Amino acid sequence: MIPVRRDRYPRTAEFDLARRWVTIQVNLGLARNTIDAYSRALEDYLGFSHRQSADVTSAARDHIAAYVHDLTSRPNARTSKTVTLGAEKGLANATLQQRITALRLFYDFLMEEGIRPSNPVGRGRYTPGKGFAGIRDRGLIPRYTKLPWIPNDEQWRCILAAARKQIMRNRLMLALAYDSTLRRQELCRLEVNDIDPAFQTIRIRAENTKNRLARIVPYSKAAGELLTAYLSRRRELTHDRGRLFISESRRNRGKPISIWAWSKVVHDLAAESGMIEFTTHTSRHLCLTDLARDNWDIHEIARFAGHRSIQTTLLYIHLSGRELGAKIARGMAEIHAQRNKLTTEMLIA
């Protein structure tokens, strides 16, 4: 049995049922970040239940409601990167949804094991007699869908100007993150053999993607020039044919960089450029939005991004304003023509 990390999640590791459930998720091959998120959620819930002297296995709906109240009323030091919906306390909506989802799945496991007859967390569901009226029973927490921040041309130039001060590796990583719409994990886990300079393409391995969907993506000529320069620098550090991006620090010299190291680089770029909203995912959002602005077909964008569902891809159509802009342009052209006609009739006739 694969142990849960006791240094980070001691309560989850000590509680047999929680440890068993997390181990099942590990053995099923869930992504490492997902496992960490589930473990973190259980650790928090177990801590709350301990403080309330409540038995987790027999917890009722009122205990879950009390936990939700605790999550939504905790002090939360807001930073300039946090986008709030008028609240000055409580966790972000996405974090709340993540915590509740982990609990729901954990209690599903307890039901399957015959430990309890029902799930106290529950879920939004169809209610007979309400469906055709457009009404559904809500989940415990309303879900907010926020559009990601996309830099304009001037803001992107500021970010690129800050990146010019970075080492060659970091400049190449930023270029590839945009050109090939790479997620943080996909970028950091690239291997030398994943690059095909002859065709200027990158192979994204299924095991490194969010949805286990492999794909081949291109990169630009500018990124290719950075890649050539970086490979020359990389040979000075190591001859290993493994991970493409390696550390140049004294402590980890020659070792693959982690996703956290890249996150720190992006954080520094955000601070240097003054674009505090800039994150590791911004380059991906920007590229896909640019493709939508360039009138790529939605299915082409989905394939390029590695989306299984075009519902996810529709976000970038909305961000680009492509369809709305075209409709407004057509509408304004018709209105303008009508006004010109009216002016001609009234002033000349």
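Every number here is computed from the coordinates shown, using simple stated rules; none is lab data. Being a predicted model, the structure only gives us computed values, none of them experimental. Cβ sites come from the backbone with ideal geometry, for glycine too, and all protein chains shown count toward neighbours.
Work out, step by step, the length gained on full extension between residue 161 and residue 95: first 0.36 nm times the residue separation, then minus their alpha carbon distance; give nm to one decimal. All intermediate terms of the calculation are to be shown ahead of the outcome.
On the way: separation 66, 0.36 × 66 = 23.76 nm, distance 3.28 nm.
So the chain would gain 20.5 nm between residue 161 and residue 95.
Counting C-alpha atoms alone, how compact is region 10-124: give Rg to one decimal and Dmax as a whole number, in angstrom.
Calculated on Cα positions, Rg and Dmax stand at 14.7, 47 Å.
I'd like the Kirkwood hydrodynamic radius of region 237-287, using the inverse of the mean 1/r over distinct C-alpha pairs, in Å. The partial results should precede the final answer.
On the way: mean 1/r = 0.0805 Å⁻¹.
That comes to 12.4 Å for region 237-287.
Please say if region 157-278 is rounded, prolate or oblate, where rounded means a/c under 1.5 for a ≥ b ≥ c the square roots of the C-alpha gyration tensor eigenvalues, and otherwise the choice is prolate for a/b larger than b/c and oblate otherwise? The partial results should precede the final answer.
Working: a/c = 1.37, a/b = 1.18, b/c = 1.16.
Rounded, since a/c falls under 1.5.
Mind checking region 156-251 for trypsin sites (Lys or Arg not before Pro) that DSSP puts in a loop (not H, G, I, E or B) and that have at most 15 other Cβ atoms within 10 Å?
Values: sites: 157, 164, 165, 169, 171, 183, 184, 189, 203, 205, 210, 212, 215, 221, 233, 234, 235, 241, 243, 250, 251; in loops: 164, 165, 183, 189, 205, 210, 212, 241, 250, 251.
Taking region 156-251 and a limit of 15 other Cβ atoms within 10 Å, the loop trypsin sites (Lys or Arg not before Pro) found are 164, 165, 205, 210, 212, 241, 250, 251.
Highest mean first, what order results for 91-103, 21-33 on Cβ atoms within 10 Å? Don't skip to the answer; put the middle values down first.
On the way: 91-103: 18.5, 21-33: 15.1.
Ranking the peptides 91-103, 21-33 by packing returns 91-103, 21-33.
Could you tell me which of rounded, prolate or oblate describes region 30-79, using a ≥ b ≥ c as the square roots of the eigenvalues of the alpha-carbon gyration tensor, with rounded for a/c under 1.5 and, failing that, prolate when a/b is larger than b/c and oblate otherwise? Write out the running numbers ahead of the final one.
Numbers: a/c = 2.28, a/b = 1.18, b/c = 1.94.
Cα axes put region 30-79 in the oblate bin.
To make sure I understand, if each residue's beta carbon is the centre and we count other beta carbons within 10 Å, what order do 309, 180 fall in, fewest to most?
Values: 309 9, 180 24.
Lowest count first: 309, 180.
Tell me, what ³J(HN,Hα) does each residue in region 184-189 have, in order and in whole Hz, if you take phi through Karplus 6.51 cos²θ - 1.76 cosθ + 1.60 with θ = phi - 60° and put x for Gly and Pro?
4, 5, 4, 5, 5, 9
Once you wrap a convex hull around the alpha carbon atoms of region 261-320, what is its projected area averaged over all directions, in nm²? Numbers along the way, then the final one.
Details: hull surface 18.3 nm².
Reported value for the Cα convex hull: 4.6 nm².
Compute the Kirkwood hydrodynamic radius of region 140-191, taking the inverse of the mean of 1/r over all pairs of distinct Cα atoms, and give it in Å to one decimal.
Values: mean 1/r = 0.0756 Å⁻¹.
Taking every pair of different Cα atoms in region 140-191, averaging 1/r and inverting gives 13.2 Å.
Could you compute the net charge surrounding residue 159? Neighbours are other residues with a C-beta less than 13 Å from the C-beta of residue 159; K and R count +1, D and E count -1.
Values: positive: 157, 164, 165, 171; negative: 153, 154, 268, 272, 277.
Here the count lands on -1.
Between residue 277 and residue 32, what is the FRET efficiency for a Förster distance of 30 Å, r being their Cβ-Cβ separation, to the nearest 0.05? Before the final figure, lay out the partial values.
On the way: r = 26 Å, r/R0 = 0.87.
Working from the Cβ atoms, E equals 0.70.
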